[in-house]
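The values are calculated or read from the model by the stated rules, or taken from the named source; none is laboratory data. Computed from a predicted model, the values in this text were never measured in an experiment. Every residue, glycine as well, gets a Cβ built from its backbone with ideal geometry; the counts of neighbours run over all protein chains shown. With ligands, DNA and RNA removed, areas are computed over all heavy atoms of the protein, side chains included. Shrake-Rupley method; radii C 1.70, N 1.55, O 1.52, S 1.80 Å.
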Amino acid sequence: MTNDELIAAAREAALKAYAPYSRFHVGCAILSRDGQLVTGANMENACYRLGICAEQSALTTAQHLFGLENIVKMAVAGGGAAEGSLTGDGVATPCGGCRQAILEAAQLGSTDIEIVCASGDGSAHEIHRIADLIPHGFGPANLTDAG
Ligand code: THU
């Protein structure tokens, strides 16, 4: 699957977001080592702090379908939604909490997961590795000294 196809899947997933409060629609598409794809979108709540990010939503599906340790790449796209398409030229990068969740999968699978961060309208993207998005992160590898 190409990066453009992965971005398209994330942009399409964003259109299924439930984001009535922020009106910022985020989609995430996750690719497994053997080419399986899962998607997710943010899901907000009237109790604002209980909202779920698109990445967390897609990660839970990835866990069920092929296991967190088999994630190799993902795309994230966010923006407004107007007339059935995702808008905005700002590139969406994962929030701090999502970076921590992605780091968990990365360390489980010994894979420096690639994250394609795209704008809502698909006109721009940046490619990052999780090790660069959360330098000196704390993950399962840091718990090996526990008794
Ligand atoms: N959001 C995500 O889904 N992923 C991120 O990495 C950043 C933020 C969502 C949360 C909230 O529903 C909306 O975007 C505005 O913050």
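For the range 114-134, which residues satisfy the criterion of being in a loop (DSSP other than H, G, I, E, B), open to solvent by 20 Å² or more (accessible area, probe 1.4 Å) and either on the phi > 0 side of the Ramachandran plot or not charged (D, E, K, R) (or both)? Listed by number, the residues that qualify are 122, 123, 124, 134.
Candidates in the range 6-26 are the residues that are closer than 14 Å to residue 38 by Cβ and open to solvent by less than 100 Å² (accessible area, probe 1.4 Å); of these, the one that is nearest to the chain's Cα centre (by Cα) is 10.
Okay, residues lined up against (1) within 14 Å of the ligand (Cβ to nearest atom); (2) in a strand (DSSP E or B); (3) of a type in the set (D, E, K, R):
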| site | (1), (2), (3) |
| --- | --- |
| 28 | yes, yes, no |
| 64 | no, no, no |
| 103 | yes, no, no |
| 112 | no, no, yes |
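Against the test of being touching a strand residue (DSSP E or B) at 6+ places or on another chain (Cβ under 6 Å) and small (Gly, Ala, Ser), the options 29, 46 yield a single qualifying residue, 29. For the range 66-94, filtering for residues that are over 28 Å from residue 141 (Cα atoms) and away from the ligand (no atom under 16 Å from the Cβ) leaves 5. The single condition from (1) open to solvent by 40 Å² or more (accessible area, probe 1.4 Å); (2) in contact with a helix residue (DSSP H, G or I) (Cβ under 8 Å, 6 or more places away or on another chain); (3) within 9 Å of the ligand (Cβ to nearest atom) that residue 39 fails is (3). Answer yes or no: is there a residue in the range 79-93 that is surrounded by fewer than 19 Cβ atoms within 10 Å (Cβ to Cβ) and over 19 Å from residue 27 (Cβ atoms). No, there is no match, as no residue in the range 79-93 is surrounded by fewer than 19 Cβ atoms within 10 Å (Cβ to Cβ) and over 19 Å from residue 27 (Cβ atoms).
Within the range 61-74, can one find any residue that is in contact (Cβ under 8 Å) with a residue 60 or more places away in the chain and open to solvent by 20 Å² or more (accessible area, probe 1.4 Å)? Within the range 61-74, one or more residues are in contact (Cβ under 8 Å) with a residue 60 or more places away in the chain and open to solvent by 20 Å² or more (accessible area, probe 1.4 Å).
Among the residues of the range 47-60, the ones that are open to solvent by 20 Å² or more (accessible area, probe 1.4 Å) and either away from the ligand (no atom under 15 Å from the Cβ) or in contact (Cβ under 8 Å) with a residue 24 or more places away in the chain (or both) come to 5 in all. When 44, 12 are screened for being over 22 Å from residue 131 (Cα atoms), within 12 Å of the ligand (Cβ to nearest atom), of a type outside the set (Val, Ile, Thr) and at pLDDT 95 or above, only 44 passes.
Please tell me if residue 137 is in a loop (DSSP other than H, G, I, E, B), in contact (Cβ under 8 Å) with a residue 40 or more places away in the chain and out of contact with any Phe, Trp or Tyr (no Cβ under 7 Å at 6 or more places or on another chain).
Spelling it out, it is not the case that residue 137 is in a loop (DSSP other than H, G, I, E, B), in contact (Cβ under 8 Å) with a residue 40 or more places away in the chain and out of contact with any Phe, Trp or Tyr (no Cβ under 7 Å at 6 or more places or on another chain).
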